[in-house]
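Trainee: One structure, pasted below without further comment.
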Amino acid sequence: MSSVFHDLMSDRPELLRTLARIGVADRELSPVVTPLTGGVSSNIVRIQIGDRNFCLKQALPKLKAEKDWQVPVDRVYAEIDWLRTAERLVPGHAPRVIGVDKQTNSFVMEFLPDSYRNWKSELMAGRIAPETAARLGEVLGRIHAGTAGDSDMADLFANDDLFYAIRLEPYLEEAARQHPAVAGVLSALIERTRLTRKALVHGDVSPKNILVGLQGPVLLDAECACYGDPAFDVAFFLNHLLLKSAWRLQLLPELLQCLELFVARYSEQVDWEPLDDLIMRIQTLLPGLLLARIDGKSPVEYLSEATREHVRRLALDMLGAPSISLFEITRLWKKEFVK
């Protein structure tokens, strides 16, 4: 692969050469390139060539974040492998990879039409759809179950350093730097997560990375994929539901219903370890991730300062009570935010 970064969004000749190498170019037709919104880590564009549509994605060496956040561009291959694995295990719930270009660390995948709705946009508009959360729990659980204990998967996704650079360091470790009083608890969570290798982890199960179509949720943006602790995927997603419920209090009952349905349907798929062990890791990770989305390198953008302080206090309190259960977390959340 190339060690020189070519920004395909500012170098059209290189973009055309990339499309030719991947095999989707047309000698007679010039591609129409439309930037797509979302994400801080990649160039993502729609490529229209005649009546054909593709999505091209290129990993950026420096993420679009306020704090300095640089990560290796070869993470794109973790995403490509995750998409191909998910397409095999849960067909229709991940875009199909069409071609890869190692010279520019980019790839082309199928473009999903406008009838697929971004789930974050739907949630922010108040369209909750609890059935989507339930279906997502099943899909994610099937991916975890289908890769659990698989030594070939473990070898293919031996991306521990990448996962640390993209997830553990900017989230939990940065939060530990900002809050020395709980640094020991957060460091223990980091170490446990690094050492737990049970299944294929997506690493960024967030509503912004989920499209909703006729077959249900479609998962995108698996740049953080590694063979690790499935509890991270679950806690990461539950974190988003709690934060959005704190932002829009009138939606809190429906969002907590989404949480319960997701956990219930996901739990039905767990056959690789005792469910209680997995839930324990989820419920101890969750407060750390809540704090990380307030004071980590990728803070949540839609909360007011007063709500941010409220979430920060709750997360610190919960980190100080490491035996707190998932049920107690949701009960406390209701008590604090429903007045």
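Trainee: Gain in length, A181 to E28, computed as 0.36 nm per residue apart minus the alpha-carbon separation, to one decimal in nm?
Mentor: Full extension from A181 to E28 adds 48.7 nm.
Trainee: On to the next question. Given the rule -39500 (n - 2.57) for each run of at least 4 DSSP H residues, summed and divided by the residues of the chain, what is its mean residue ellipticity at 222 nm, to the nearest 500 deg cm²/dmol?
Mentor: -15000 deg cm²/dmol
Trainee: In nanometres, what is the gap between the two model label sites at D7 and N53, each 7 Å from Cα along Cα-to-Cβ?
Mentor: 2.7
Trainee: Quick one: pull the percentage of alpha-carbon pairs in the stretch 95-159 with a separation above 13 Å.
Mentor: In whole percent, the share of Cα-Cα pairs in the stretch 95-159 beyond 13 Å is 78.
Trainee: Need the full-extension length gain, E336 to R192, defined as separation in residues times 0.36 nm minus the C-alpha distance. One decimal, nm.
Mentor: Extra length available between E336 and R192 comes to 48.9 nm.
Trainee: Over its Cα atoms, what ratio of radius of gyration to 2.2 N^0.38 Å does the chain give?
Mentor: Working it through for the chain, the quotient is 0.99.
Trainee: Size of the stretch 56-199 along its principal axes in angstrom, Cα-based, largest extent first?
Mentor: That gives 47, 42, 36 Å along the principal axes, largest extent first.
Trainee: Can you give the Kirkwood hydrodynamic radius for the stretch 12-110, in Å, rounded to one decimal and based on Cα pairs?
Mentor: One over the average 1/r among Cα pairs gives 14.3 Å for the stretch 12-110.
Trainee: Relative contact order, percent, of the chain when contacts are C-alpha pairs under 8 Å separated by at least 6 residues?
Mentor: Over the chain, the number comes to 17 percent.
Trainee: Could you tell me the center-to-center distance, by alpha carbons, between the stretch 289-339 and the stretch 233-249 in angstrom?
Mentor: Here the two parts' Cα centres lie 9 Å apart.
Trainee: Let me ask you something else. Give me the orientation-averaged projected area of the Cα convex hull of the stretch 225-339, in nm², one decimal.
Mentor: Result: 7.4 nm².
Trainee: Could you compute the FRET efficiency for A321 and K102, with r as their C-beta to C-beta distance and R0 at 35 Å, rounded to 0.05? Don't jump to the answer; show the numbers that get you there.
Mentor: Working: r = 48 Å, r/R0 = 1.37.
My answer for the efficiency is 0.15.
Trainee: For the stretch 115-253, what size does the Cα cloud have along each of its three principal axes, sorted from largest down, in whole Å?
Mentor: 40, 38, 20
Here, each number is a calculation from the coordinates, and none is a lab measurement. Since this is a predicted model, take the numbers as computed values, not measurements. Here the Cβ is made from the backbone with ideal geometry for all residues, glycine too, and neighbour counts use every protein chain on show.
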